[in-house]
Amino acid sequence: MDRKRLQKIAKERLKDAKALLGRKRWSGAYYLCGYAVECALKARLLRYLGESEAVFGDRDYLKELAKCWTHDLVKLVELGGLKTELQAACGANAVLNDFWLETKAWTETSRYEERTEAEARALYEAVSHNPDGVFRWIQSRW
């Protein structure tokens, strides 16, 4: 899977989440919001690998890279070289910080859980908000 394909999938899953919200399918909408962020972060990771010195600049990076088969959003932020930048952005923007806290609580096991309307709408807002949503923040770096 290449970076452009992951970008396309991320955008599509976010549109799917919005459609599910409109159909009152809260659990599916919640799951797809997080999955959109996961795909966006994996697209970022591929960009980072191609443009940074991480592979040859950090001896332990390749060992860490083996963990890219994860759904853990925090781990994907780290592997994509965004940890410090995200911390700084969250420190400077309280809205983004709150949205990141909401978003990073998502896990792939949410696909097995019932979610309420409030939970689904809160995650969708955290991910898609313009201009402070997590997806938009990642998108400008992928």
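The values are calculated or read from the model by the stated rules, or taken from the named source; none is laboratory data. Not measured: the values here are computed from a predicted model. Every residue, glycine as well, gets a Cβ built from its backbone with ideal geometry; the counts of neighbours run over all protein chains shown. All accessible areas refer to the heavy atoms of the entire protein, side chains included, with ligands and DNA or RNA removed. Shrake-Rupley method; radii C 1.70, N 1.55, O 1.52, S 1.80 Å.
Key figures for this structure:
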{"read-out": "Angle in degrees between helix 83-92 and the longest Cα principal axis of the chain, rounded to the nearest 10", "value": "50"}
{"read-out": "Three principal axis lengths of the chain [C-alpha, angstrom, descending]", "value": "48, 33, 23"}
{"read-out": "Rounded to 10°, Cα long-axis angle of helix 3-22 versus longest principal axis of the chain", "value": "20"}
{"read-out": "Surface per residue (accessible, 1.4 Å probe) for the chain, Å²", "value": "57"}
{"read-out": "Euclidean distance of C-alpha centroids, the stretch 20-72 and the stretch 1-19, integer Å", "value": "12"}
{"read-out": "Mean separation of Cα contacts under 8 Å, 6 or more apart, over the residue count of the stretch 1-109: relative contact order %", "value": "26"}
{"read-out": "The stretch 1-70 - convex hull of the alpha-carbon atoms, volume per residue in Å³", "value": "75"}
{"read-out": "Phi to ³J(HN,Hα) by Karplus 6.51 cos²θ - 1.76 cosθ + 1.60 over the stretch 135-141, Hz, x for Gly, Pro", "value": "4, 4, 5, 5, 4, 6, 10"}
{"read-out": "Nearest 10 degrees, 0 to 90: helix 117-128 Cα axis against the chain principal axis", "value": "40"}
{"read-out": "Charge dipole magnitude, Cβ of K and R +1, D and E -1 - the stretch 18-142, Cα centre, debye nearest 20", "value": "400"}
{"read-out": "Sulfur and carbon atoms: percent of accessible area, the chain [1.4 Å]", "value": "50"}
{"read-out": "P(r) of the stretch 97-142 over all Cα-Cα pairs, binned every 5 Å from zero, in whole percent", "value": "5, 23, 28, 23, 13, 6, 1"}
